[in-house]
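Structure, as structure tokens:
Derivation of every value follows stated rules applied to the coordinates shown; laboratory data play no part. Keep in mind that what you see is a predicted model, and the values were worked out from it rather than measured. Ideal geometry is used to build each Cβ from the backbone, glycine not excepted, and the neighbour counts take in all protein chains shown.
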Amino acid sequence: MVEQLKFIVEQLKRPPFNRNHYNILTFDNLTNNQLLQVLTDVFAVVDPYDPSHKIDIRDEEPEKTAARHMNTLKMLGYRPKLDTDVNTFRQDLVSGGKNVVFPILQWLLEKLPEHKERAYLGRYLSKIDVPTEFLSDTEIAEQYDRYDELMEEFKEVHREFKDLTSTPHTIDDLRRDIKQLEDEKETLEKRLERQKTRVQKVPAAQIELAKNYRKEVEKEEKLNTMKHDLNNVINQLEQKTQRLERQVADQRSSSVDQSPDGIMKRMEEENQVNSYLVTEKFPKELNQMKMKLRYYEEVATNKALGQTELANYRAKISELNSVINKFHEKRVLAKDPTADNLAVFRQQALIVARRKEQTAERLTQLRAENDALEKQFGRTLPMGHSGSSSMAKGSSHVPEGEEFQRYVNMLRSKSNAYKRKRQEINDMTAELQLLKRTEELLKEEVEQIKSRMSMEERKHGIEGYFSTQERLEELSTLKMEQDELKGKTLDEITALIKTLNGRISSKKAELDPILKEVKPLRAKVQELRNEYEAKKSKYDALNANFESSRSTLESEVRGFYEEQYAQESRFHTLKAQMLINAVLLKRANDETSSYMSADKATKSYREQLNKQISSTEARIKANREKQKVTKDVQIDGTRQLKYWRDLLRMMELKRKLATGEL
């Protein structure tokens, strides 16, 4: 156990997990949910293409987590120990038990690259099971064949990839291969040139004949390929026809000697059996399971019982059982055996009920075996029908020789076993029907006797005595069952406590050597911690000095950089100013030379500017004259507008005087 934990912790500390905070003690103290989370993280590394593993299990339902873990383990091919019960394994995996999670983690981490490859291949090589009746459809059968071909092609490509990656290739080998290929290329080019020279000497008619011959050969190859494909299709259709004929023969053989009355009778019998199971057997078992569950919940919620408390409870149970036995003996002694006319019928009814329950249990077991055989045969058969399984579902492989003989013997043995189980089921069904009829007759007789007893009770004035006695017997039986169940529950609790104590003692025994190893390690850890603290304080002091000096140097370097940037900007500004001044100086020199020269063909800038100034002044003078004329015109126009407005006002007043509006 310790070696297993040590291996798991060491592997989890390595990449890609990098769980450096784990040690043996912390990992062993993880809760069940934390272990399931670690298992999910390992699955995420093994199968990185599946996003369902990259999840926090607290956000996922426990049923989905268990189903996901079971599917992944099935795909990776994990097999628990031979002495492990499947149901116990599933329950421990759902709850995150250490006895299940630790071996799984060890198995995964021992061969991590192989499991990664298996998970990668499992995504593409997990074959889909298609029922045989669906494969009778031509399109579905073709798609399924194509699916098999692609799967085989993927296997071949992956095998070639593995061969290429497993073969080491050095640079010298590659260069040697390239050189060899270049030599072969040169050789082929020389041979091609020789063939071209030889072909040029051959007449065109012969070349045409050779060309036609090559076309005919290619055509013949294509026809042979088509012939081969058609033969394959014919073989598949023949196999399909044979399969369908066998199915028809099975259906015909299963429907021989079955009249409508027989079918109706068999259906009524099955209906009665199913109604008994649904209305009587299953509810009773469900109530018992609920009662046990309630007791278990009470036990789980209550605190753990000690040995003294268990001894007290056992003493109380034995005392109550002795009191019940005394009451039962008194009732038996006080009861007159001759007065109870229904004792025989009660005993017979009890026997019939027990046989009925046993028959129902046997029927359930046979049905479960029948379902398992039907699944093993590869198809689902209806109740009451029999037949042999078909050979292969859509596969082109046909067994021959000894393999075919073994296959036939296997089918014959399975068919015989199925027929034997089917006969047992029929016998048990018939016996169950007989018992049900007997029970009905006994119930009718009991009802008649009860009616007579009630009449006698009314005559003698003790009405209700029989029903009260039956009620007391039922309560006594129920009390005995409850006491027996309580005794079993206490025994189970005692066994559970013993088991837990044994596990605790074994854990303590396992931890004792580890604790002994841990004690000197703790002292060493304390020494290392003190040394670490001293060196850390020294490091902090040196680091503070270094940081202060570094900040000073950084500020100085920053000032130097700023000064450099300022000088560079000033340098570029002065350089640009020098260029501008050089251009202006050149222009001034050119102006002076052109002004002082006797050649008047090229005018100087001074003359050009003086000419522009004179022309601009002339335009300004003309614009001023225009402005003056425009102002005079504007004044005259304003005056005339005022005159017209006064005239309009006078005419309006005259109109009003003439009309008498004023």
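Structural remarks
- Close amide H partners of R19, meaning residues 5 or more places away or on another chain with modelled amide H under 5 Å apart, are K13, R14.
- Evaluated over the range 2-105, the count of Lys pairs having alpha-carbon atoms less than 20 Å apart is 9 (only pairs 8 or more residues apart or interchain).
- Computed label-point distance, nm, for sites T630 and A618 using a 7 Å Cα→Cβ extension: 2.1 nm
- Counted charge near E208, where neighbours are those whose Cβ lies closer than 12 Å (Asp, Glu -1; Lys, Arg +1): +3
- Cα gyration tensor, the range 202-253 - rounded (a/c under 1.5), prolate or oblate: prolate
- The residue among L434, M410, V446 whose Cα reaches farthest toward the positive pole of the charge dipole of the range 410-454, with charges on the beta-carbon of Lys, Arg, Asp and Glu, is M410.
- Global form of the range 185-231, assessed from the alpha-carbon gyration tensor, a/c cut-off 1.5: oblate
- Spatially proximal lysines relative to K292 (Cα-Cα < 26 Å; intrachain offsets below 8 disregarded): K281, K284, K303, K316, K356, K479, K486, K488, K498
- Only Lys, Arg (+1) and Asp, Glu (-1) charged, at Cβ; the range 603-662 dipole about Cα centre in debye: 180 debye
- Prolate/oblate/rounded label for the range 2-126 (Cα gyration tensor, a/c 1.5): rounded
- Highest-first arrangement of 10-23, 65-78, where packing means the average Cβ count within 10 Å: 65-78, 10-23
- Counted by neighbouring Cβ atoms within 10 Å, the residues Y595, Y144, Y313 run from fewest to most as Y595, Y313, Y144.
- The modelled label-to-label distance between R159 and K330, using points 7 Å beyond Cα along the C-beta direction, is 8.7 nm.
- Pairwise FRET efficiency - S126 versus Q195, Cβ, R0 = 60 Å, nearest 0.05: 0.70
- Farthest toward the positive end of the dipole of the range 202-253, out of N235, Y213, V248, is the Cα of V248, where the dipole comes from beta carbon charges about the Cα centre.
- The residue list F546, Q564, L609 was ranked by how far each Cα lies along the charge dipole of the range 540-662 toward its positive end, using unit charges on Cβ atoms, and L609 comes out on top.
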